[in-house]
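The values are calculated or read from the model by the stated rules, or taken from the named source; none is laboratory data. Everything quoted here is computed from the prediction, not taken from an experiment. No Cβ is skipped: glycine too gets one built from the backbone with ideal geometry, and neighbour counts run over all protein chains shown. Areas reflect the complete protein model, heavy atoms only, side chains present, ligands, DNA and RNA absent. Shrake-Rupley method; radii C 1.70, N 1.55, O 1.52, S 1.80 Å.
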Amino acid sequence: MSCSAAAGAEAAALLFRSPAPCTIAGRHRLAVSRRTPRRNLRTGVQPHQKSTPSANHRNRASIQRDRAATSIDEEQQQKSEDENELLNIQLEDLVGMIQNTQKNILLLNQARLQALGRADKILKEKEALEQKINILEMKLSETGTQSVLSSEVKSDAEGLEFDVVKEENVLLKDDMNFLKAKLIEITETEESLFKLEKERALLDASLRELECTFISAQSDMLKLGPLQQDAWWEKVENLEDLLDSTANQVEHAALTLDGYRDFPDKVEKLKASLGATNVSKFCLYLVDILQQRLKSVEERFQACSHEMHSQIELYEHSIVEFQDTLSKLINESEKKSMEHYAEGMPSEFWSRISLLIDGWSLEKKISINDASMLREMAWKRDNRLREAYLSSRGMEERELIENFLKMALPGTSSGLHIVHIAAEMAPVAKVGGLADVISGLGKALQKKGHLVEIILPKYDCMQHNQINNLKVLDVVVKSYFEGNMFANKIWTGTVEGLPVYFIEPQHPGKFFWRAQYYGEHDDFKRFSYFSRVALELLYQSGKKVDIIHCHDWQTAFVAPLYWDVYANLGFNSARICFTCHNFEYQGVAPAQDLAYCGLDVDHLDRPDRMRDNSHGRINVVKGAIVYSNIVTTVSPTYAQEVRSEGGRGLQDTLKVHSKKFIGILNGIDTDTWNPSTDRFLKVQYSANDLYGKSANKAALRKQLKLSSTHASQPLVGCITRLVPQKGVHLIRHAIYKTAELGGQFVLLGSSPVQHIQREFEGIADQFQNNSNVRLLLKYDDALSHMIFAASDMFIVPSMFEPCGLTQMISMRYGSVPIVRRTGGLNDSVFDFDDETIPMELRNGFTFLKADEQGFDSALERAFNYYHRKPEVWKQLVQKDMKIDFSWDTSASQYEEIYQRAAARARATA
């Protein structure tokens, strides 16, 4: 301790010692004092001397030198002063830092001295505590000895009492565990009861629903056919299964409760034993709670069980009564329907029969002749075939075939066997209008008594949920492609009541597993492959087809393949019909690509066959025109246009083959597009009741947040793809012109052309806060139905339009069309002010020149009639809605040219 104090004092003495003089400051003063005499010599006054010219000259030079030297000395002096001033500032700072450091060191030494003092104090206290601990240890040792002696004396007396208490504690612990276990069981029982109560509530709801169903079933069963009766019996069986399940649950719950019958006795015994041992009141309280909960559970279970049994009895009685009534209704229904059931059978039933027969034929289960006879009976809708099918339910396939063959009798049919080979079909694989033509024309021809079949690629992206009874046949069709034979799976199903074959190639190119229909780099290969397999399927099936109808360039390969390949194999009964839906797309490719599907390039690469008229390559559409027996397009006016510049290079070929070329206007599916049954509309309506049209207009305004201030404000609609063909510049102008005239405008559609899409996105942003214009740059099927129903006018300002369907749909929904006179628009819309046209045909407003002035004239005339002549406008709307745009007329025209071609084929056979 003393050494530490001495060291601290010595350090303090060193800290307080006077600082040594600064050597830097000393050198500075010395330098200044040395320079001062020199300055005095140079600036001092010189002694006076006698002047001479040379002397004067020397004096002047000397004076100048002195002045220069003086100036230099002054600059150096100023510089030295600046440096000295800077050094002085730095020295002052350094001195201040040293002084602060000295203070800090002093404070540290003082703290160190204080710490040493406290350490000495702690050491002293530690020594005192150690002495006290030693004393306590001695006393504790003495106490321990006394305790041992005392415990030995008392242990004998208290040992017996301690053992008794310990045993009672063990018993009490066991009882508590038993109570906990029973409490858990009671909780589980309560949960089971809650579940049973929920199930009882569900049974109540089911019973009420069954009562309603029972009431309606008495009338509905008279309309049921045998195919629907199976579904009813299945529902009854499901209800019986539910009843059995519920009864089992009730019995299980009852058994569970019976297992707890002796539980109250156990609780009473436990309570008595606890009272005898004088345990805590808490345990008795717990037992009371258990008794109360047990009683509540029993009461609830008894009430629930009684009510559930009553409901089940009532339910069983209703089931029995329902089964009896159902059986009676089925018997009556069968008796009444057997006489007329064949006529009432849906087309899908006969399509299913036809596919079944074709499947047996391809799988070699029946002969080709038997298949032909059965197929003929199917398209005649022979009652015997129906009865054989219905009576064979539940039989094996072999027995069903035997029953069918018993019905196979020779016969003839006036109907035609027509096969469409196409790349699209609505609604299963739809891109454009082609898909609607395949399904619409097919159904119309089927209604006329013809056997119609469709062959499509099996796309991975098609709408499988739109196909009924889709299945793969147990047969593999091999076809030629690129020098090899490739296998193909064949699928069958019905779409819109039509039998459809789907071809799935087993080619390494995965031709139809591309997640899209068109737009692949190898589309030419994909569809030439498909065309070859489609013909191979017909050839191997042994069918005697009358008409093979192919569509657009994707299946135009069928015509040259049929006549150059398959006709030489004996498959030559059919005649080929080719329809080009748009001459913009012609399937042009290098000539050598024809060899993929087995066509002879040298034979076909000629100006009069498949060589393109302007590109020096081959043109598939040209080949179809040359090789087909019938060539059609989709409207009479478009047929005239493509014989000139609209033919896109094929006008000369069409002129050469003009005798077999005709334009037939497409129709629309009037079942899908029907405002009186349209499920997408808020209110259905008809030409005789137009209230629903105004209601749908109000609903669309609310949905799109358009202004509803003026209910009579006209609404102009437009649904289209935004591509140059559709008159994009006029659609853009129509938006602003409609707003200028005080109307409202709704556009639905998008563009695959990026700069057009961006342009309309900009227009949409511009009108974002305008309550009279909405641009919906997408496609939405449900919304399209609403726009047709809500709009008062509908614009179609196309540059060219082979047919067009939206103008027909708009009239079907009472929306007056405003169109440019081109293609199918010219064949379906006739100007209301054109006095050269009979009044009964005038149904819209048209213009000829594709400019803003022509469009403005038509739109302004429509607005004028709408505002100033509301009664005339209403009559126009009603007249448009009554025009027949169904496929019936178009199908009759196709039927006529089909029959002429088939008759010529039979005459030359």
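Descriptive notes on the structure:
- A simple spin-label model places pseudo-atoms 7 Å from Cα toward Cβ; at Ile368 and Asn568 they are separated by 1.9 nm.
- In order through region 746-755: 3J(HN,Hα) via Karplus (6.51 cos²θ - 1.76 cosθ + 1.60), integer Hz, x for Gly, Pro: 10, 10, 10, x, 9, 10, x, 8, 4, 5
- Gyration tensor verdict on region 558-599 (Cα atoms; rounded if a/c is under 1.5, prolate if a/b is larger than b/c, oblate otherwise): oblate
- With R₀ set to 41 Å, the beta-carbon distance separating Glu348 from Gln878 gives a calculated FRET efficiency near 0.75.
- Sequence-separation-based contact order of region 690-885, relative, with Cα cut under 8 Å and 6+ spacing, percent: 20
- Per residue, the accessible area of region 440-499 comes to 38 Å², computed with a 1.4 Å probe over protein heavy atoms only.
- Gain on full extension, evaluated as 0.36 nm per residue between Tyr691 and Ala903 minus their Cα-Cα distance, stands at 71.2 nm.
- When region 690-885 is described by a simple charge dipole with +1 on each Lys and Arg Cβ and -1 on each Asp and Glu Cβ, the residue from Ser815, His785, Leu825 located farthest towards its positive end is His785.
- Percent carbon-and-sulfur accessible area, region 776-832, ignoring ligands, DNA and RNA, probe 1.4 Å: 52
- Within region 789-866, DSSP assigns beta bridges of which about 0% are antiparallel (rounded to the nearest 5).
- For region 492-501, putting each phi into the Karplus relation 6.51 cos²θ - 1.76 cosθ + 1.60 with θ = phi - 60° gives couplings of 10, x, 10, 10, 6, x, 9, x, 10, 10 Hz, in residue order, rounded to whole numbers and with x for Gly and Pro.
- Cα-based shape type of region 484-588, given that a ≥ b ≥ c are square roots of the gyration tensor eigenvalues and the cut on a/c is 1.5: rounded
- Region 417-663 - charge dipole about Cα centre, Lys and Arg +1 at Cβ, Asp and Glu -1, debye rounded to 20: 560
- With all protein chains in place and a 1.4 Å probe, the accessible surface of region 400-525 carries 51 percent carbon and sulfur.
- Extending 7 Å from Cα along the Cβ direction at Ser614 and again at Ala487 yields two label points whose distance is 4.7 nm.
- HN-Hα J in Hz across region 722-727 - Karplus 6.51, -1.76, 1.60, θ = phi - 60°, x for Gly and Pro: 8, 10, x, 3, 7, x
- Cα centroid separation - region 471-513 against region 650-705, whole Å: 34
- Burial order of peptide ranges 657-668, 849-860 (average beta-carbon count within 10 Å, highest first): 657-668, 849-860
- If the segment from Ile72 to Val320 were pulled out straight at 0.36 nm per residue, it would be longer than the present Cα-Cα gap by 75.8 nm.
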